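All remarks here apply to the structure that follows.
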Amino acid sequence: MRKCLVLLLFLGFLIPGATGLCEPRNEPLKMDLDFSLPAPEESAHRRYLGLETLDPFLLNQIQTKILIIEIFSMYCPICQREAADVNKMFELIQKNPNFKNQVRLIGIGAGNSAYEVNFFKETYQIEFPLFSDTKFVIHKKIGEVGTPYFIGLKPDKKQGLEIFYSQSGEIVDPEKFIEMLVKASGLKL
């Protein structure tokens, strides 16, 4: 099984859009953020998200002023290539005292099993929480976006969370991307 996954990862580099998820989308998206995620098994990840129990949680329960969600697929060659930049973004957030407790980053593996998400996490040394969306339930709710796809959310008293930013494709420069997200959020951090 592990050899098959390695082969599929390798083929992902050779065949752009191999999963069909890597295709960019330009039409307006309708996102339904009303879904729950399982609490991370790692206590450090639960602390990072501000969760106190092992119960499933909603996105608006994450203790943060800005939530960045990356929709990825372990089979997406762009996601594989982009992993180093996303890791750098997480590192920059953690090192900046103005952002460390105000900005959170999570990843959701579109169509990826828990095993595949863990394989991606270990292969690319991802330190922030990743979640599986094996049956594309979340992926469908957020508009069947291509991968990678980034969503910026901030708390909203009426809606729970407000989408203030979304982007298909690579982030290119992690430092500029964080600065742009913070500015786009309108929040003073």
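Data for the structure
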quantity	calculated
Qualifying residue in the range 94-109 (condition: charged (D, E, K, R), more than 13 Å from the chain's Cα centre (by Cα) and surrounded by fewer than 18 Cβ atoms within 10 Å (Cβ to Cβ))	yes
Checklist (1) surrounded by fewer than 16 Cβ atoms within 10 Å (Cβ to Cβ); (2) at negative phi; (3) free of Cβ contacts under 8 Å to residues at least 40 places away in the same chain applied to LYS121, failing item	(1)
Residue check for ILE78: modelled with pLDDT of 95 or more, closer than 19 Å to GLN167 by Cα and within 13 Å of the chain's Cα centre (by Cα)	no
Subset of the range 132-177 (residues that are touching a Leu at 6+ places or on another chain (Cβ under 6 Å), under 22 Å from ILE78 (Cα atoms) and buried (at least 20 other Cβ atoms within 10 Å of the Cβ))	GLY146, THR147, GLY152
Any chance LEU8 is at pLDDT 95 or above, more than 15 Å from the chain's Cα centre (by Cα), of a type in the set (A, V, I, L, M, F, W, C) and surrounded by 12 or more Cβ atoms within 10 Å (Cβ to Cβ)	no
Where a residue in the range 146-174 is among the acidic types (Asp, Glu) and its partner, wherever it lies, is crowded, with 18+ Cβ neighbours inside 10 Å, with Cβ under 6 Å and at least six apart	GLU162/LYS154; GLU170/GLU82
GLU91 at positive phi and surrounded by fewer than 18 Cβ atoms within 10 Å (Cβ to Cβ)	no
The one condition in (1) of a type in the set (Val, Ile, Thr); (2) surrounded by fewer than 17 Cβ atoms within 10 Å (Cβ to Cβ); (3) touching a residue at least 40 places away in the same chain (Cβ under 8 Å) that ILE71 fails to fulfil	(2)
Subset of the range 178-189 [farther than 16 Å from PRO97 by Cα and exposed (fewer than 15 other Cβ atoms within 10 Å of the Cβ)]	LYS183, ALA184, GLY186
Subset of the range 156-174 [among the acidic types (Asp, Glu) and within 17 Å of the chain's Cα centre (by Cα)]	GLU162, GLU170, ASP173
Of all residues in the range 156-189 being part of a helix (DSSP H, G or I) and β-branched (Val, Ile, Thr), the one that is farthest from GLY107 (Cα to Cα)	VAL182
Test result for ALA84, of a type in the set (A, V, I, L, M), at pLDDT 95 or above, within 21 Å of LEU51 (Cβ to Cβ) and surrounded by fewer than 19 Cβ atoms within 10 Å (Cβ to Cβ)	no
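Yes or no, residue by residue, for (1) at pLDDT 95 or above; (2) touching a strand residue (DSSP E or B) at 6+ places or on another chain (Cβ under 9 Å):
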| position | (1), (2) |
| --- | --- |
| PRO16 | no, no |
| GLY20 | no, no |
| ARG25 | no, yes |
| MET31 | no, yes |
| PRO38 | yes, yes |
| GLU41 | no, no |
| LEU49 | yes, yes |
| ASN60 | no, yes |
| GLN63 | no, yes |
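The values are calculated or read from the model by the stated rules, or taken from the named source; none is laboratory data. It should be emphasised that the depicted structure is a prediction, and the values quoted were computed from it without experimental measurement. Note: ideal-geometry Cβ built from the backbone for every residue, glycine included; neighbour counts use all protein chains shown.
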